[in-house]
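The structure under discussion appears below in the form of structure tokens.
The values are calculated or read from the model by the stated rules, or taken from the named source; none is laboratory data. Please read these numbers as outputs of a predicted model, since none were measured by experiment. FYI the Cβ positions are ideal-geometry reconstructions off the backbone, even for glycines, and counts take in every protein chain you see. Only protein heavy atoms, including side chains, enter the accessible area calculation; ligands, DNA and RNA are left aside. Shrake-Rupley method; radii C 1.70, N 1.55, O 1.52, S 1.80 Å.
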Amino acid sequence: MACKHWCMGASIALSLWITACGSDAGSGGESGSSGTGGSGGTAGDAGSGGTGGSAGASGSGGTAGDAGTGGTGGAPTCPEFLPNDPAAVPGVTQVIDFDNGADIAGFDGTYVYFRKGFVLERVSIVDSTRNVVGMVGDVHARLIGDRLMWWEEGTPPESYRLMSAALSDVAAPAVVTEGITSPGQIMTDGVHYYFAAGEPDTIRRVPVAGGTSELFIDSLNINGMTLHAGYIWWLDFDTDRLTRVSLATAQREELGDIFFGGVMFGHGDAMYWGDSSNGALSKWTEESGVVRLSTGDPSALVADDDTLYWADGFIFGSVRSVSTTGGSSTTMQILCGLSDPGPIYLTPDHVVVYASQSILRIDR
């Protein structure tokens, strides 16, 4: 933008100079040359406008050159995370640097839980204290409520059982339910566990105490799902609609158009999602309907009343944010140079993200 404005100022000044040179002066001598337009201001630092150029001086008999155009502010730069120098970015703390990564299980507000090999561990985001929780085996476990949960292959091989363990004794899991085909994401309202299963998709549920699962709702094609505010919400690939179903009545509602689907997060009266196909980040409320907030390639979302944060991209990833009211001017790149940014969490003071084989704590 700085070059564009400078070139326009220079072009106008050059035109005036040519015109002035082409005219004859009176008997007193040749007409003076037109003054040259002032140079455009230099680009300012990130976010600041440059200084406008001074007007060119009038030549004898010629026309004064136009004032130079003010320089354009430089584009805000995105601080880059450097794995070998994590303190290089003010406000960013590398809580822990994993060797060859880790499988992140969840966050309880103070500790991030993760599996390395067959062992479940946790690390404090406050002081980087690292503790062993217990042996869990080679499982893809997630923290659901206050319990660690995962799917385990049963008999026959196409059948799976849902396992659950208290964090105080993860080495002694219990079977919640079994005989599930093609299981997926697990959610809870504290009364039931809900999960996607089957082909085509269904949502089933089982009491948290365990037992036989039951069909909760069918005839859907899930491409993003979450549980929030008494509803299960999903992005339906077949209908291209944001849809929800009441946990109390099983009544289904189609709420608005979507393009494809992706990750979801609910907060307050709003539902947010990122579209993995057209790169849109959107929200829905009863009052506004579907509103597009920004663009990006989100792999995980989290929000509070004012701001939506997301992990963006893969090899050249970043952490970004946008106001929950939207607008491109409110989109910010908080931290760049990240590889495979994944789960992202929020505390009153920090954004916590797994990226570049590290847990990073970013001041808000």
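Observations
- Other-chain or far-sequence residues with amide H under 5 Å of His228's (modelled H): Trp233
- Gyration tensor verdict on segment 207-364 (Cα atoms; rounded if a/c is under 1.5, prolate if a/b is larger than b/c, oblate otherwise): prolate
- Taking a Cβ cut-off of under 11 Å around Phe314, the surrounding Lys, Arg, Asp and Glu residues balance to a net charge of -3, with basic ones at +1 and acidic ones at -1.
- Rounded to whole Hz, the Karplus (6.51, -1.76, 1.60) HN-Hα couplings of segment 254-267, x for glycine and proline: 9, 10, x, 6, 10, 9, 8, x, x, 6, 9, 7, x, 8
- In this view, the solvent-accessible surface of His192, computed with a 1.4 Å probe and all protein chains in place, comes to about 40 Å².
- Taking other residues whose beta carbon is less than 13 angstrom from the beta carbon of Phe107, and scoring Lys, Arg as +1 and Asp, Glu as -1, yields +1.
- Backbone N atoms of segment 279-293 closer than 17 Å to the 7 Å Cα→Cβ label point of Ser329 belong to residues 293.
- Highest-first arrangement of 275-287, 112-124, where packing means the average Cβ count within 10 Å: 112-124, 275-287
- Computed on protein heavy atoms with a 1.4 Å probe, the accessible areas place Phe81, Phe216 in the order Phe216, Phe81, largest first.
- Accessible surface of segment 287-335 [probe 1.4 Å, protein heavy atoms]: carbon and sulfur percent: 52 percent
- Surface accessible to a 1.4 Å probe, per residue, for the residues of segment 254-364, Å²: 42 Å²
- Asn100-Thr155 FRET efficiency (beta carbon distance; Förster radius 35 Å; 0.05 resolution): 0.60
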